[in-house]
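The values are calculated or read from the model by the stated rules, or taken from the named source; none is laboratory data. Every value quoted in this text rests on a predicted model; they were computed, and no experiment measured them. Cβ placement follows ideal geometry from the backbone for every residue including glycine, while neighbour counts extend to all protein chains displayed. All accessible areas refer to the heavy atoms of the entire protein, side chains included, with ligands and DNA or RNA removed. Shrake-Rupley method; radii C 1.70, N 1.55, O 1.52, S 1.80 Å.
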Amino acid sequence: RGYCSRRLRRLRKTLNFKMGNRHKFTGKKVTEEILSDNRYLLLILMDAERAWSYAMQLKQEANTEPRKRFHLLSRLRKAVKHAEELERLCESSRVDAKTKLEAQAYMAYLTGMLRFEHQEWKAAMEAFNKCKTIYEKLANAFTEEQAVLYNQRVEEISPNIRYCAYNIGDQSAMNELMQMRLRSGGTEGLLAEKLEALITQTRAKQAATMSEVEWRGRTVPVKIDKVRIFLLGLADNEAAIAQAENEETKERLFESLLGECRDAIQAVREELKPDQKQREHSLENDSGKVSNIQYLHSYLTYIKLSTAIKRNESMAKSLQKALLQQQRSDEDGKRSPRPQDLIRLYDIILQNLVELTQLPGLEEDKNFQKEIGLKTLVYKAYRCFFIAQSYVLVKKWSEALVLYERVLKYAREVQSGAGAHRNSLKELPDVQDLITQVNAEKYSLQAAAILDANDPHETESPSQVKDGKPLSERFETFCLDPSLVSKQVSLVHFPPGFQPIPCKPLFFDLALNHVAFPPLEDKVEQKAKSGLTGYIKGIFGFKS
């Protein structure tokens, strides 16, 4: 909005198209007669853009101040009025065909935006369709570089058309809107909050007919609306995660699903609080079953933990791909993934599996406990495999070999105990591929260990044995140290360490007090006698 105002001022000054002076306003209109310069059309365009941008600013402020919505509609009507004026001026013979079509598309877009805010869905869809048709024709008529801009405008308009179609009564438009949100990683602009509200409203309508849910052979009534809405959208969210095109979109959808699940669990916990005594003594008669509300809480917790396991497994797969790419081509300047990162992910997965076995109401379910036990063995095998990989990097051959044997032990236990639980293990990583990979790694590890034992320079190379000495202290030893060409090279100890030096001596003559000097009276001249006699003799020249 500020840019449009400044641009208008510059254009009016350049074209000498001023609206009066300081003391008096004199309105002027752009007519066909003065269209000698294309910048006159920019005057009308900047007026429309300024009104539209002000409307978008008011739309953000209307979330907290609803009264500003009236001002918003007023500015949108002003923008449409300027767009009509621009379209009328572009009908002149001085304007080329491309500009005429763009002016018509611009007019249709702003009209659609105004009808959209008024919730006149049919009129808004007609205006958006007209705008889309014009941009598609322009995209086909020009080069690929120019067509990119027109196709981008078509993509921006399409969600609005689908939204209008859904409100008119086209139920298939809802699925198309969900797919658009999935591909773009989130809807932007005028449609964003409306689409999220639409999804919530649609699920709320469907939730009104949902009264119970069945899990592991037990039917539980669902009376909490937030839980109903979450369970209805669970299948759609899982399908969207499966269809995600990249890891960033998949991670965002996982986080969204986990957030909704936490909200549903919190709603169930609030229902459990008033019935504290019943929750403590949750056994019903002699059946040994927990209460329905507690079982529903266990089901939602199971969904949360299972989703967290799937998310961590997805992250582990992406890290494994990065490790393979790192082995093929080393890249500098970026932090490369390490096997320790994967170990941490599998630790979290194993912790989630332990929590699954402790869910109330499932302690006596032997099939469930067996499935969780097999899944635990699978993830333990993969964790041991990557621990062994980390030992290989530091050339601890014996430890790595023992861990590889442990991986094979876990994998064979899974294969022998799968039996009737193969369907529940389909989503897990294949242990047969892991066995094949471990066998290949064992042979390469044994060969590397033999080569390492036969290499006489291996133990002598300071690049292999990290002693921490700088280059200035090992000039006598030759080695190929790759750290000398890196950014963290160790040349000298800096700042230098303190060294002891002798201090200035202090002398104390202690023997002088005990020395006996020889007598010197015979060598010292006697002093003249003093007194009156001596004084008189001295006057008269007598000397003694």
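A few comments on the model shown:
- Just one of the numbered conditions (1) among the charged types (D, E, K, R); (2) open to solvent by 70 Å² or more (accessible area, probe 1.4 Å); (3) more than 23 Å from ALA97 (Cα to Cα) is not true of GLU144: (3).
- Scoring LYS395 on the criteria (1) more than 21 Å from GLN320 (Cα to Cα); (2) open to solvent by 40 Å² or more (accessible area, probe 1.4 Å); (3) not in a helix (DSSP H, G or I) leaves a single failure, condition (1).
- Failed item, numbered, when LEU484 is tested on (1) under 30 Å from LYS469 (Cβ atoms); (2) at pLDDT 85 or above; (3) not basic (Lys, Arg): (2)
- Cross-chain or 6+ apart pairs with Cβ under 9 Å, the range 400-413 first and farther than 11 Å from GLU441 by Cα and open to solvent by less than 30 Å² (accessible area, probe 1.4 Å), then of a type in the set (S, T, N, Q) and part of a helix (DSSP H, G or I): LEU408/ASN439; ALA411/GLN432
- Qualifying residues in the range 492-526 (those that are of a type in the set (Phe, Trp, Tyr) and closer than 30 Å to LEU471 by Cβ) - the one farthest from the chain's Cα centre (by Cα): PHE498
- Criterion (in a helix (DSSP H, G or I), farther than 30 Å from GLN488 by Cα and modelled with pLDDT of 90 or more) met by exactly one of GLN369, GLN351: GLN351
- Residues being under 18 Å from VAL290 (Cβ atoms) and open to solvent by 30 Å² or more (accessible area, probe 1.4 Å) - total across the range 225-269: 1
- Selected residue (only one of ASN21, ASN38 is open to solvent by 70 Å² or more (accessible area, probe 1.4 Å), within 47 Å of the chain's Cα centre (by Cα) and farther than 28 Å from GLN119 by Cβ): ASN38
- Residue match in the range 453-464 (condition: within 41 Å of the chain's Cα centre (by Cα), within 28 Å of VAL402 (Cβ to Cβ) and modelled with pLDDT of 70 or more): no
Yes/no matrix, rows are residues, columns are (1) touching a helix residue (DSSP H, G or I) at 6+ places or on another chain (Cβ under 6 Å); (2) within 24 Å of SER36 (Cα to Cα); (3) open to solvent by 50 Å² or more (accessible area, probe 1.4 Å); (4) touching a residue at least 24 places away in the same chain (Cβ under 8 Å):
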position	(1), (2), (3), (4)
LYS68	yes, no, yes, no
GLU85	yes, yes, yes, yes
LEU89	no, yes, no, yes
ALA105	yes, yes, no, yes
ALA108	yes, no, no, yes
GLU120	no, no, yes, no
ALA124	yes, no, no, yes
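- Take the conditions (1) open to solvent by 70 Å² or more (accessible area, probe 1.4 Å); (2) touching a Gly at 6+ places or on another chain (Cβ under 6 Å); PHE128 misses just one of them, which is (1).
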